[in-house]
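Below: one structure, written as structure tokens.
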Amino acid sequence: MGAVGITALTGLYAWRIEPHWLEFVRVKMPVKNLPESLVGKTLMQISDIHTGNRVDNSYLINSLKKAKEYNPDFVVYTGDYITLHQERLIRDKLEEVFQESVQGKLGTVAILGNHDYGLNWSDPEVANQIIKIIEKEGITVLRNSSVEIEGLNFIGLDDYWAKQTDAEKAFADYEPTKANIMLCHNPDVCDLNVWHNYEGWILSGHTHGGQCKPPFLPPPILPVKNKNYTAGKFNLSNARTLYINRGLGHSQKIRLNVRPEITIFELEKG
């Protein structure tokens, strides 16, 4: 009976508590060629919001309101704004969430994830609808393109599973002498031969950290080919550093030992 009780309490915790127990994670971010004017500035990463019937809009909105209190200098959104494509869902729920979107004092940029391309990750019209909602709030959406803000260059790859990744286009204006940060929803792209000698940070999401992680064991389910890509910081080859955000929302309402996350990076000289 005791074991049954513990199992029931664990299940209740994983269903009702941890999916909404948001953690703000602070990480030092040394950036090569960072201008002196940006030393000490903050960059906030928000990923995998997953607006829809599986994530409470009130939770998402309250989380974004808490995030605003940190007053970040830059904000990046790294994809998966919805879970299931429904016209009403995009029109109503996603618009309601992004009316409370966190904006960086210096700039705000975003990329798309696989869910943002609708059924089978193959409907560009869904992506276009989402982009309209995001850009209406003054957020720049990068689709294999880059933008420089106050001396910090953001490069955004479009989604890998949606077959929209075009690294040649994304790196067209890449200058290694600048301070660069790459946004890439799916961390599996890190293992492809597409990086054009890029050195620096890569900010990803997609995995949700597996959502459920047994103590002292890796998560049993990860939506990536490279099962090492769970969550957190990874030092890659060729002076690249990957950070995988655990996500704000969820694909199914269950989390265990993998709390939802918003990351706050503090910029420093690399």
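The values are calculated or read from the model by the stated rules, or taken from the named source; none is laboratory data. The structure displayed is predicted, hence computed values, not measured ones. Cβ: placed from backbone, ideal geometry, glycine included. Neighbour counts: every protein chain shown. Surface areas here come from the heavy atoms of the whole protein model, side chains and all, with no ligands, DNA or RNA. Shrake-Rupley method; radii C 1.70, N 1.55, O 1.52, S 1.80 Å.
Let me see the pair-distance distribution of segment 163-250: every alpha carbon pair, 5 Å bin width, integer percents in order.
3, 13, 24, 23, 17, 10, 5, 3, 1
Could you list log10 I(q)/I(0) for segment 128-213 at q = 0.12, 0.14, 0.16, 0.17 Å⁻¹, which the Debye formula gives when each Cα is one point scatterer?
-0.39, -0.52, -0.67, -0.75
Given bins 10 angstrom wide, list per bin the percent of all Cα-Cα distances in segment 40-191, short to long.
In order of increasing distance, the bins hold 11, 42, 35, 11, 0 percent.
Please get the size of the charge dipole for the chain, origin at its Cα centre, with Cβ charges of +1 on Lys and Arg and -1 on Asp and Glu, quoted in debye to the nearest 20.
Details: 29 positive and 32 negative charges, 178 e Å.
Magnitude of the dipole: close to 860 debye.
Calculated FRET efficiency, ILE264 and ASN226, Cβ-Cβ r, R0 22 Å, to nearest 0.05?
Calculated value: 0.25.
For the residue pair SER237 and GLN86, what label-to-label distance in nm results when each label sits 7 Å from Cα along the Cα-to-beta-carbon direction?
Modelled inter-label distance: 4.6 nm.
Using modelled amide H (1.01 Å from N, peptide plane; none on Pro or chain starts), what sits under 5 Å from the amide H of TRP201, excluding residues fewer than 5 places away?
MET182, THR241
State in Å² the accessible area per residue of the chain; use a 1.4 Å probe, count heavy atoms of protein chains only, and round to the nearest integer.
Roughly 45 Å² per residue, with all protein chains present.
Apply 1/(1 + (r/R0)^6) to the Cβ-Cβ distance of GLU150 and ARG54, taking R0 = 30 Å, and write down the FRET efficiency to the nearest 0.05.
Efficiency computed from Cβ-Cβ geometry: 0.20.
Cα to Cα, under 18 Å, and not fewer than 8 places away if on the same chain: which lysines meet these conditions relative to LYS105?
By straight Cα distance, LYS105 reaches LYS41, LYS65, LYS66, LYS68, LYS136.
Add -39500 (n - 2.57) for each DSSP H run of 4 or more in the chain, then divide by its residues: what number comes out at 222 nm, to the nearest 500 deg cm²/dmol?
-4500 deg cm²/dmol
Can you compute 3J(HN,Hα) from phi for each residue in segment 38-51, using the Karplus curve 6.51 cos²θ - 1.76 cosθ + 1.60 with θ = phi - 60°, rounded to whole Hz and x for Gly and Pro?
Per residue, the Karplus-derived 3J(HN,Hα) values read 9, 5, x, 6, 10, 10, 9, 10, 10, 9, 6, 5, 6, 4 Hz.
How many percent of the accessible area of the chain is carbon or sulfur, using a 1.4 Å probe?
Values: 6300 of 12160 Å².
It is 52 percent, rounded to a whole number.
Considering only segment 1-269, what is the antiparallel percent among its DSSP beta bridges, to the nearest 5? List each step's numbers first, then the result.
Working: 14 of 49 bridges.
Beta bridges within segment 1-269, antiparallel portion: roughly 30 percent.
Looking at the chain from every direction and averaging, what is the projected area of its Cα convex hull in nm²?
Answer in nm², one decimal: 14.1.
What's the angle, to the nearest 10 degrees (0 to 90), between helix 124-136's Cα axis and the longest principal axis of the chain?
Here the helix axis deviates by roughly 80 degrees.
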